[in-house]
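Reading through the structure tokens given below for one structure.
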Number of protein chains: 2
Amino acid sequence: MRKTRIQEISDAAWDLLSEEGVEALTMRAIAARLGVSAPSLYKHVANRDEIVALVQARALIESADALRRAMKRHPDSPHLPAALAYRRWAIRNPAQYRITNDQPLLRDLLPEGLEDDCAVPVMELADWDPDRSRVQWATAHGLISLELAGRFPSYADVDAAWTLAFGP
Amino acid sequence: MRKTRIQEISDAAWDLLSEEGVEALTMRAIAARLGVSAPSLYKHVANRDEIVALVQARALIESADALRRAMKRHPDSPHLPAALAYRRWAIRNPAQYRITNDQPLLRDLLPEGLEDDCAVPVMELADWDPDRSRVQWATAHGLISLELAGRFPSYADVDAAWTLAFGP
DNA sequence: ACTGCTAGGTTAACGCTGTTAACCACTTCA
DNA sequence: TGAAGTGGTTAACAGCGTTAACCTAGCAGT
């Protein structure tokens, strides 16, 4: 089963984000990675947003999986491990995290139900209390967002903040 | 005391953000607001980042002031009022909030000490515990960021989340 | 009063961006 | 055999930040 061209485009975009950051995600750069000219991408996607949506979908899935795996590994006290796993994923994929969480999701272009599916583990961690789950999600997202934006001073003990927020 | 041209540029950029959002903040649009051509802006600023930094500085000051005023108004139980005042400022100035908090601060272009000054009220609210202050800041920032990005469903009770996070 | 500097504007242009139009070759199928 | 569809091409456009070159009004110094 060969890779479809759309998957190749998605992978090229993902790798470009990993290697060169958000600003490097241009149609011409993606095309160059596939050894092709930029306009030919439009034979496979309608516009750049559709490629961004592919990245957002993968980022949502991967980060939710990281959460789920950590919860499975620490079934009795999952909060801190799950939070740290989420943080770890974000720090390792900063451009992907920002492109899916620092701007509106391209919902119309995302697979149906994906967003809800990825919210499940967070709901579960908050014992299905929607308010609690939103606060915990916001705290994790806020800590990551501020860390990625370099808003904590270099001497800040960010680990201690995570432990205080999600620890025992 | 007439307004200096740099202040006029800063104000034009601010108003443009208020009225048309982040993507509308272009050199040509700022210049048009002053009835002038884009290249002439470079007689007053080195580049676009310098204008963004002017906006960031004003946003930091205004949002910190909103915090401080709320704390002064509710000296006995300031946490929730202060948090809601911060949220209110962000919701009323979404483009300015995002341009200063969703990307790295342009520290080299910001007035010396401004960032620290604006962190003081948050520190005070957290009883000068740096870890607590970072968590509370992150929670507020996360809630705002997710709300501005439209990540909460329309039926979500965001007020309840704020009350849960900062309430009594 | 004349000279020359400076402040602050102008237009033209460059390289980048996303995107469209027009064209072309190869494969598939009736 | 011919038609349609697939997936590539180059040229081009408007908008972006930015630079270069030029011009003009006002002020300072002799």
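The values are calculated or read from the model by the stated rules, or taken from the named source; none is laboratory data. Keep in mind that what you see is a predicted model, and the values were worked out from it rather than measured. Neighbour counts are summed over all protein chains in view; Cβ atoms, including those assigned to glycine, are modelled from backbone coordinates with ideal geometry.
Couple of notes before you dig in:
- Comparison of A:Ala31, A:Ala12 shows that the only residue that is more than 9 Å from DNA strand D (Cβ to nearest atom) and either modelled with pLDDT of 95 or more or within 26 Å of A:Arg92 (Cβ to Cβ) (or both) is A:Ala12.
- Sole exception among (1) at positive phi; (2) surrounded by 13 or more Cβ atoms within 10 Å (Cβ to Cβ) for B:Glu62, by number: (1)
- Restricting segment B:34-50 to residues that are surrounded by 14 or more Cβ atoms within 10 Å (Cβ to Cβ) and among the charged types (D, E, K, R) leaves a set whose member that is nearest to DNA strand D (Cβ to nearest atom) is B:Arg48.
- Of the residues examined, B:Asp157 is one that is surrounded by fewer than 18 Cβ atoms within 10 Å (Cβ to Cβ) and either under 21 Å from A:Met123 (Cα atoms) or over 18 Å from the mean Cα position of the chain (by Cα) (or both).
- Every residue from segment B:11-25 that is within 13 Å of DNA strand C (Cβ to nearest atom) and in contact (Cβ under 8 Å) with a residue 12 or more places away in the chain: B:Ala12
- Residue check for A:Val120: part of a helix (DSSP H, G or I), closer than 20 Å to B:Tyr155 by Cβ and touching a Ser or Thr at 6+ places or on another chain (Cβ under 8 Å): no
- Checking each residue in segment A:78-104 for being surrounded by fewer than 16 Cβ atoms within 10 Å (Cβ to Cβ) and at pLDDT 95 or above picks out A:Arg88, A:Ile91, A:Arg92.
- Of all residues in segment B:131-142, those that are assigned by TED's automatic domain parsing to the domain that holds B:Ala66 have Cβ atoms under 9 Å from Cβ atoms of residues that are among the charged types (D, E, K, R), 6 or more apart or on another chain, in B:Asp131/A:Asp157; B:Ser133/B:Glu124; B:Ser133/B:Asp127; B:Arg134/A:Asp157; B:Trp137/A:Arg151; B:Ala138/A:Glu147; B:Ala140/B:Arg87; B:His141/A:Arg151.
- When segment A:26-40 is limited to residues that are in contact with a Lys or Arg (Cβ under 9 Å, 6 or more places away or on another chain) and within 7 Å of DNA strand C (Cβ to nearest atom), the one that is farthest from the other protein chains (Cβ to nearest Cβ) turns out to be A:Ala38.
- Only one of the listed residues (B:Leu164, B:Leu110) is at pLDDT 95 or above, surrounded by fewer than 20 Cβ atoms within 10 Å (Cβ to Cβ) and more than 9 Å from chain A (Cβ to nearest Cβ). That residue is B:Leu110.
- Residue in segment A:53-61 that is within 14 Å of chain B (Cβ to nearest Cβ) and more than 16 Å from DNA strand C (Cβ to nearest atom) present: yes
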